[in-house]
Amino acid sequence: MTAFLKRLADTFPQAGRIVLAGSSAGGIGATMNWWQTQQAFPNVRVDMINDSGAVMPEDVMPSPNTEEQQWRAQWNLAATLPPGCSACATSFDVIFAFYANEFPASRGALLSYTQDSVLPLFYGISTSKFTQGLGELETQHFAPTSTLKFFNEAGSGHELWFTPSLTTNGVTVQQFVTQMVTDDANWSSP
């Protein structure tokens, strides 16, 4: 990602705004690399959209959480996480509060099914634990901010990005994303 961003920054030195987005594992990647993208473009606003890549709070993860320990080691995540986020060394979900504080002019979004059909398997947790963790993540890290919002689709599935007409509380995925990227003052978590 570092090499990729270097190439992009050299190719597009006059970029006016960037939206970093990813789905599933790419959503996790977008989240983990938001800081690096902002660093590559220091004078440009960088927004982030994570579709179906919710990172779970530690209290819903298996205990002991040996899977996450392996990911951190095998993927060298210490080199990927923001240098100023010391709490990220032990819990991935705190990265959102870190971003809300570090990037007050940027916006971040999380799109998710409340009963994601893939992530519980990846994390080794039940669907109900995933739903619990998603609620905690949104309540603790998204709701207190004005710059981070979420769009949940009740039910089971994975990746909302490719179904722009999905509707929650009268708002479609397309409307939610459009409001985000156009700086609509009415953008909110439906």
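The values are calculated or read from the model by the stated rules, or taken from the named source; none is laboratory data. Computed from a predicted model, the values in this text were never measured in an experiment. Cβ sites come from the backbone with ideal geometry, for glycine too, and all protein chains shown count toward neighbours.
Inspection of the stretch 137-159 finds a residue satisfying the criterion of being at pLDDT 95 or above and in contact with a His (Cβ under 9 Å, 6 or more places away or on another chain).
Restricting attention to the stretch 54-63, does a residue exist that is modelled with pLDDT under 95 and of a type in the set (S, T, N, Q)? Yes, there is a match, as at least one residue in the stretch 54-63 is modelled with pLDDT under 95 and of a type in the set (S, T, N, Q). Would you confirm, using the coordinates I've provided, whether residue 187 is at pLDDT below 95 and surrounded by 16 or more Cβ atoms within 10 Å (Cβ to Cβ)? Judged against the criteria, residue 187 is not a match.
Does residue 100 satisfy the condition of being touching a Leu at 6+ places or on another chain (Cβ under 8 Å), modelled with pLDDT of 95 or more and either assigned to a helix (DSSP H, G or I) or among the basic types (Lys, Arg) (or both)? The answer is yes for residue 100.
Residues that are in contact (Cβ under 8 Å) with a residue 24 or more places away in the chain, out of contact with any strand residue (DSSP E or B) (no Cβ under 6 Å at 6 or more places or on another chain) and within 21 Å of residue 46 (Cα to Cα) within the stretch 145-172 comprise 145, 147, listed in sequence order.
Note on the stretch 72-84: residues that are surrounded by 13 or more Cβ atoms within 10 Å (Cβ to Cβ) and under 29 Å from residue 115 (Cβ atoms) total 4. Residues in the stretch 41-65 that are under 18 Å from the mean Cα position of the chain (by Cα), surrounded by fewer than 17 Cβ atoms within 10 Å (Cβ to Cβ) and among the acidic types (Asp, Glu): 1 in all.
Looking only at the stretch 123-132, filter to residues that are of a type in the set (Ser, Thr, Tyr) and in a helix (DSSP H, G or I); which one of those is modelled with the lowest pLDDT? Here the residue is 123. Cβ-Cβ contacts under 9 Å between residues 6 or more apart (or on different chains), taken from a first residue in the stretch 120-141 that is of a type in the set (D, E, K, R) to a second residue that is surrounded by fewer than 18 Cβ atoms within 10 Å (Cβ to Cβ) and assigned to a helix (DSSP H, G or I), are listed as 136/59. Scanning the stretch 133-160 for residues that are closer than 16 Å to residue 92 by Cβ and either assigned to a helix (DSSP H, G or I) or of a type in the set (Val, Ile, Thr) (or both) gives 133, 134, 136, 137, 138, 140, 141, 142. Of all the listed residues (142, 122, 96), the sole one being within 16 Å of residue 22 (Cα to Cα) and in contact with a helix residue (DSSP H, G or I) (Cβ under 9 Å, 6 or more places away or on another chain) is 96. Among the conditions (1) in contact with a helix residue (DSSP H, G or I) (Cβ under 8 Å, 6 or more places away or on another chain); (2) buried (at least 19 other Cβ atoms within 10 Å of the Cβ); (3) part of a helix (DSSP H, G or I); (4) not polar (S, T, N, Q), residue 68 misses just one, which is (1).
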